[in-house]
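Shown next, in structure tokens, is the structure this report addresses.
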């Protein structure tokens, strides 16, 4: 089900579609900015939800386009970046990639009443919404400890996932992960 060529192909297509969307949204045309409004809503809502769930205390949310210089700021969320909230809040729109990937995997097993074009629309929307802005990337990189914490936690979770079914297997895998991480850190 999850083959490397399929994952790489999906990521490559998402990058291309995201770049097209990013170019369109920065074109300066009011029509293009309004066209991007649903994807901006998805993108900014992901920041808002991640900030709320990780204790980032979101204080404002906007999807009203604003003219700035020669381009547009399509939306924004203001939150307090902490070690726990900075990276997941900044990179939350990448979660749309996961949803898009699973929609793509379900293409052939979808119910007969779901038309193919609807799946293409959902894939495009997920690719357009997942594209991080430069501001998103800056916030993530300005908080390296948050990034390290979440990347490390994700790595450990992926290593432990296959054995989550049994407590004994989970504990063995947790001990192995701790040894591997300590080997890397102590070198």
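With 92, 86 as the choices, which residue is in contact with a helix residue (DSSP H, G or I) (Cβ under 9 Å, 6 or more places away or on another chain), surrounded by 12 or more Cβ atoms within 10 Å (Cβ to Cβ), within 22 Å of residue 11 (Cβ to Cβ) and in contact (Cβ under 8 Å) with a residue 12 or more places away in the chain?
92
Would you mind stating whether residue 132 is touching a residue at least 40 places away in the same chain (Cβ under 8 Å), outside any helix (DSSP H, G or I) and touching a helix residue (DSSP H, G or I) at 6+ places or on another chain (Cβ under 7 Å)?
Yes; evaluated as a whole, the condition is true for this residue.
Would you check if residue 106 is at pLDDT below 90, over 13 Å from the mean Cα position of the chain (by Cα) and surrounded by 16 or more Cβ atoms within 10 Å (Cβ to Cβ)?
Here the answer is no, as residue 106 does not meet what is asked.
Answer with yes or no whether residue 24 is in the same structural domain as residue 129 (by TED's automatic domain parsing), touching a helix residue (DSSP H, G or I) at 6+ places or on another chain (Cβ under 6 Å), surrounded by fewer than 17 Cβ atoms within 10 Å (Cβ to Cβ) and modelled with pLDDT under 80.
So residue 24 passes the test.
This table checks each residue for (1) within 17 Å of residue 21 (Cβ to Cβ); (2) surrounded by 16 or more Cβ atoms within 10 Å (Cβ to Cβ); (3) not assigned by TED's automatic domain parsing to the domain that holds residue 47.
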site	(1), (2), (3)
100	yes, yes, no
110	no, no, no
127	yes, yes, no
148	no, no, yes
151	no, no, yes
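The values are calculated or read from the model by the stated rules, or taken from the named source; none is laboratory data. Predicted, not measured: the structure shown is a model, and the values here were computed from it. Neighbour counts are summed over all protein chains in view; Cβ atoms, including those assigned to glycine, are modelled from backbone coordinates with ideal geometry.
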